[in-house]
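First up is the structure itself, then whatever we jot down about it.
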Amino acid sequence: VGEILYKHLFKIAPETKKLFPLSVRQRYYDWRSGVVEDENDFENSPALRNLFAKVVSAVGSAVAGLQNINKLVAELNALGMRHINYNMQEEYFAYGGQALVLTLRDGLGDMLTADVERAWTSVYEFLTATMICGLRTAREQEAKIKMEAASARKGATREEVPCPRSQEVIHGVQSRPSAALPVPVPVPSPAPAPRVSARSAVVPCGRTISTVQQSWLVVKELGVATVGEILYKHLFKIAPETKKLFPVAVRRRHQDWISGVEETEQNLEDSPALRNLFAKVVGAVGSAVAGLQNINKLVPELNALGMRHIDYN
């Protein structure tokens, strides 16, 4: 359904392709597939297919959440605010609505009666109007922050701090430059936690990669959701302060509206949304493990992932 949807969208509004450059699609790339993403091949992009599968799932979650409008509005508002990072224009929502109707027509055929189409159009307009409200709020907040920052900079001197060039470090992993491995952009190594001694490691050898990949197959049999729950429970025992990374506002982004379970500040350990979130974390670990065969592609992707973590405190 996602593939049908984006193909209709690109026919209606070809300019929306600019929302999905290679740097965006790579976030949804399945390293196990071995398929190389082509910058200009939108129609046959596996990563774009994965991305729009998530879009369709989000539509499904919103449809299921229509029974609880109060929760849904807050979630859609937050989702709209996050779209400020995607170069989203308000008119693109209308294009998405047109593409959705065509997609429903393809899937439902004669079942898409005039009444059904009106019902879907009405619901879509409600969903997108709520998201647009969030997007506008985010833009207003961004403009205010920029104005305050500009005022604070007046009269202040900016001091440049050079990056050390003696070694290149990404999240505590030291990388030895070679012909096969590009040197990533230097970023400061994070300060080690009191209980953990940071240890630099070189790029793993073939035997190490093979050992990790084979053992991962055993872990994966447990299921990513189960492994994710085990992971975060261990994490919270080791470092209880990490719980503050997952307030209700964050967990709601991963909430399954069909479940009807209310997320609260107190139910962190038994949170279905947190289980969903850590299932994605484990899935990302699995993708990285599979991608160890191609370090050249994996390093810039992990570098970009690390940069996005600046938004997560």
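Observations, loosely collected:
- Single match in 302, 268, 231, 277 (criterion: open to solvent by less than 50 Å² (accessible area, probe 1.4 Å) and closer than 27 Å to residue 32 by Cα): 277
- Screening residue 128 with (1) modelled with pLDDT under 95; (2) open to solvent by 40 Å² or more (accessible area, probe 1.4 Å) gives one miss only, at (2).
- Pair list, Cβ < 7 Å and 6+ apart or interchain, from region 47-72 residues that are under 16 Å from residue 9 (Cβ atoms) to residues that are open to solvent by 60 Å² or more (accessible area, probe 1.4 Å) and hydrophobic (A, V, I, L, M, F, W, C): 56/1
- Screening residue 258 against (1) among the aliphatic types (A, V, I, L, M); (2) at pLDDT 80 or above; (3) over 19 Å from the mean Cα position of the chain (by Cα); (4) closer than 27 Å to residue 79 by Cα leaves a single unmet condition, (2).
- Output for region 43-62, where each listed residue is within 17 Å of residue 86 (Cα to Cα) and of a type in the set (A, V, I, L, M, F, W, C): 47, 48, 51, 52, 55, 58
- Contact annotation: residue pairs with Cβ atoms under 7 Å, 6 or more positions apart or on different chains, pairing a residue in region 1-30 that is within 16 Å of residue 97 (Cβ to Cβ) and polar (S, T, N, Q) with a partner that is open to solvent by 30 Å² or more (accessible area, probe 1.4 Å) and modelled with pLDDT of 90 or more, are 16/95.
- Qualifying positions in region 4-35 - among the basic types (Lys, Arg) and within 15 Å of the chain's Cα centre (by Cα): 25, 27
- Residue within region 285-301 that is charged (D, E, K, R), modelled with pLDDT under 85 and not in a helix (DSSP H, G or I) present: no
- Test: residue in region 22-37 that is open to solvent by less than 50 Å² (accessible area, probe 1.4 Å) and either more than 30 Å from residue 213 (Cβ to Cβ) or in contact with a strand residue (DSSP E or B) (Cβ under 8 Å, 6 or more places away or on another chain) (or both): no
- Residue 182 meets all of the listed conditions (1) surrounded by 12 or more Cβ atoms within 10 Å (Cβ to Cβ); (2) part of a helix (DSSP H, G or I); (3) modelled with pLDDT under 80 but one, namely (2).
- Conditions (1) charged (D, E, K, R); (2) within 22 Å of residue 57 (Cα to Cα); (3) open to solvent by 30 Å² or more (accessible area, probe 1.4 Å): number failed by residue 251: (3)
- Qualifying residue in region 104-124 (condition: assigned to a loop (DSSP other than H, G, I, E, B), modelled with pLDDT of 90 or more and surrounded by fewer than 15 Cβ atoms within 10 Å (Cβ to Cβ)): yes
- Residue among 212, 219 that is open to solvent by less than 70 Å² (accessible area, probe 1.4 Å), modelled with pLDDT of 85 or more, aliphatic (A, V, I, L, M) and in a helix (DSSP H, G or I): 212
- Qualifying residue in region 64-79 (condition: among the β-branched types (Val, Ile, Thr), surrounded by 15 or more Cβ atoms within 10 Å (Cβ to Cβ) and more than 18 Å from the chain's Cα centre (by Cα)): yes
- Tally of residues being under 18 Å from residue 132 (Cα atoms) and among the polar types (S, T, N, Q) across region 62-73: 1
The values are calculated or read from the model by the stated rules, or taken from the named source; none is laboratory data. Model, not experiment: these values are computed from the prediction. Positions of Cβ are generated from backbone atoms using ideal geometry, with glycine treated the same way; all protein chains shown enter the neighbour counts. Ligands, DNA and RNA are excluded from the accessible area calculation, which covers all protein heavy atoms including side chains. Shrake-Rupley method; radii C 1.70, N 1.55, O 1.52, S 1.80 Å.
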